[in-house]
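The structure appears below as structure tokens.
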């Protein structure tokens, strides 16, 4: 299968999976387990990122900058609705990762369509994880509001 055919087929699969995952969540209150994959693909499509091969240690995507440099990005996805509980957390952020930034993709929990994307430098994330007083941070986990405080919203671009 060619690259274009593969990309097209992935889009088709995600188009089928999203409503099923959203319905599963509505019926059970539990995620189906595809949020991370959907978030990675959505980030790549919206931001023009190149997804890293599966199981690449430390990062999920690459961003080619105009100056020729390449940034390595860890992507975290979260299904997040208007009535989301404030204690929702990102998945474990890999410490000692070979990456430059962490990208949080917030997906609408009713549709798994993208709502917002926030990006923080890996150094800022590590600094926040290193603050004492939280067992969750000790495990490499930040709450969504906590991550947003150290990040900048990068998508959609027209939002303040």
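Just so you know, all these numbers are worked out from the coordinates, no wet-lab data involved. Keep in mind that what you see is a predicted model, and the values were worked out from it rather than measured. All Cβ positions, even for glycine, are placed from backbone atoms using ideal geometry, and neighbour counts span all protein chains on display.
Residues are listed down the side, and each one gets a yes or a no for (1) within 29 Å of residue 20 (Cβ to Cβ); (2) part of a helix (DSSP H, G or I); (3) without any contact (Cβ under 8 Å) to a residue 12 or more places away in the chain:
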residue	(1), (2), (3)
98	no, no, no
102	yes, no, no
117	yes, no, no
124	no, yes, no
128	no, yes, no
132	no, no, yes
136	no, yes, no
147	yes, yes, no
Which pairs have Cβ atoms under 7 Å, sit 6 or more apart or on different chains, and link a residue in segment 11-32 that is within 16 Å of residue 43 (Cα to Cα) to one that is surrounded by 10 or more Cβ atoms within 10 Å (Cβ to Cβ)? 14/38; 14/41; 18/38; 18/111; 18/112
Residue 137: passes all of (1) surrounded by 15 or more Cβ atoms within 10 Å (Cβ to Cβ); (2) closer than 23 Å to residue 37 by Cα; (3) out of contact with any strand residue (DSSP E or B) (no Cβ under 6 Å at 6 or more places or on another chain) but (2)
